[in-house]
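Okay, so here's the structure we're looking at.
The values are calculated or read from the model by the stated rules, or taken from the named source; none is laboratory data. Just so you know, these numbers come straight off a predicted model, no measurement behind them. As a convention, Cβ positions derive from the backbone with ideal geometry for all residues, glycine included, and neighbour counts pool all protein chains shown.
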Amino acid sequence: MSNLLRKPKCRTLSPGVTLFQDINSSNAPVEYVGLKQLKMEKGSVYQEELEKEEVCIVALTGKITVTDYDQIFENIGRRENIFDRTPTDSVYISNDRRFKITAISNAKVILCYAPSKKQLPTKLIKASENSIESRGKYANKRYVQNILTDTDSTANSLLVVEVYTEGGNWSSYPPHKHDRDNLPEESFLEEIYYHEMNPKQGFVFQRVYTDDRSIDETMTVENEEAVLVPKGYHPVAVPDGYTSYYLNVMAGPIKIWKFYNEPAHEWILNRK
Ligand SMILES: O=C[C@H](O)[C@@H](O)[C@H](O)CC(=O)O
């Protein structure tokens, strides 16, 4: 199995709180990004103390209450099913703070991490504040819900985005990368993909590869699996009949998303 593919591993953290994905610099070839996926039973509690990291808590499904012990955001979350295809609520919490999540209903939560040294205000990112984009044409149409963009001053490092791609389409396509700290041509952002499929028995193909092919992994990715993109191009192909969802966490030395399209395939963008 590819070192870039992370299958869910079930670990009970506390009564009613199960960890399925836990990706960080101690167990993955990444320095800037981290991700946890939690499943929480109604009434269960998850607590964490942050050091020099910031977190975006995404109420993936169900309802949760989040507090940083100064503010409390009650009953957040806007969808029972990720494929309701509506934005959801998130909470940004900065470095050197602690937080507690209480599940108001059975809930699925994604925690997105990135480095942070300058403590910024905690913020509820309402679903209505997500900017929505329809990207692509022909067979690379996808639908994007931006939670934290590179122009958003809420976070120091984090970019968080949700992408829906219908069957028969490609996303993150034409292939692009952002693995060089070389502005204005390209920025360096590591990336984690957290994937879900509808129906859930589906899969997508994702290739992660570099110009020199020192990395060239083509993976079959199934429901609730994650893919690491330490560097390289990272297109996704979705089989007919299925809808792909993925959440991206991105971060790097500078919070700018300037990607570089692979020259061999950039002509794709010029079709009328
Ligand atoms: O670099 C960003 C990620 O590859 C995705 O968020 C991608 O941009 C989504 C898309 O445009 O298809």
Next on the checklist: I'd like the full set of residues that are under 17 Å from the mean Cα position of the chain (by Cα) and either of a type outside the set (A, V, I, L, M) or within 16 Å of the ligand (Cβ to nearest atom) (or both), limited to segment 189-204.
Outcome noted: L189, E190, E191, I192, Y193, Y194, H195, E196, V204
Item to check | Selected residue (only one of A103, A114, A127, A107 is within 16 Å of the ligand (Cβ to nearest atom) and in contact (Cβ under 8 Å) with a residue 12 or more places away in the chain) | outcome: A114
Next on the checklist: Condition (residue is of a type in the set (G, A, S) and in contact with a Ser or Thr (Cβ under 8 Å, 6 or more places away or on another chain)) applied to segment 168-182: is it met by at least one residue?
Outcome noted: yes
Checklist entry - Is it the case that segment 193-202 has a residue that's out of contact with any helix residue (DSSP H, G or I) (no Cβ under 7 Å at 6 or more places or on another chain), in a strand (DSSP E or B), in contact (Cβ under 8 Å) with a residue 60 or more places away in the chain and of a type in the set (A, V, I, L, M)? => result no
Item to check | Failed condition for D240, given (1) touching a residue at least 60 places away in the same chain (Cβ under 8 Å); (2) assigned to a strand (DSSP E or B) | outcome: (2)
Item to check | Those residues of segment 133-175 which are near the ligand (Cβ under 10 Å from one of its atoms), surrounded by fewer than 20 Cβ atoms within 10 Å (Cβ to Cβ), over 17 Å from the mean Cα position of the chain (by Cα) and outside any loop (DSSP other than H, G, I, E, B), in sequence order | outcome: R135
Checklist outcome for this item: Considering segment 218-242, residues that are away from the ligand (no atom under 16 Å from the Cβ) and on the phi > 0 side of the Ramachandran plot, and then whichever is surrounded by the fewest Cβ atoms within 10 Å (Cβ to Cβ), we arrive at G241
Checklist outcome for this item: If we ask which residues in segment 49-68 are farther than 16 Å from S90 by Cα and in contact with a Lys or Arg (Cβ under 9 Å, 6 or more places away or on another chain), their number turns out to be 3
Checklist entry - For T12, which of the numbered conditions (1) at pLDDT 95 or above; (2) closer than 19 Å to Y246 by Cα; (3) polar (S, T, N, Q) fails to hold? => result (2)
Next on the checklist: For segment 42-65, which positions are surrounded by 14 or more Cβ atoms within 10 Å (Cβ to Cβ) and among the charged types (D, E, K, R)?
Outcome noted: E48, E53, E54, K63
Item to check | E31 vs. criteria in a loop (DSSP other than H, G, I, E, B), within 30 Å of P253 (Cβ to Cβ) and touching a Ser or Thr at 6+ places or on another chain (Cβ under 8 Å) | outcome: yes
Next on the checklist: Filter segment 243-271 down to the residues that are touching a Leu at 6+ places or on another chain (Cβ under 8 Å), part of a loop (DSSP other than H, G, I, E, B) and either among the polar types (S, T, N, Q) or within 14 Å of the ligand (Cβ to nearest atom) (or both) and list them by number.
Outcome noted: G252, K255, I256, W257, K258
Next on the checklist: I'm trying to understand the selection: among the residues of segment 222-237, which are part of a strand (DSSP E or B) and within 15 Å of the chain's Cα centre (by Cα)?
Outcome noted: A226, V227, L228, V229, V236
Checklist outcome for this item: Of the residues in segment 90-117, those that are surrounded by fewer than 19 Cβ atoms within 10 Å (Cβ to Cβ) and assigned to a strand (DSSP E or B) come to R98, K100
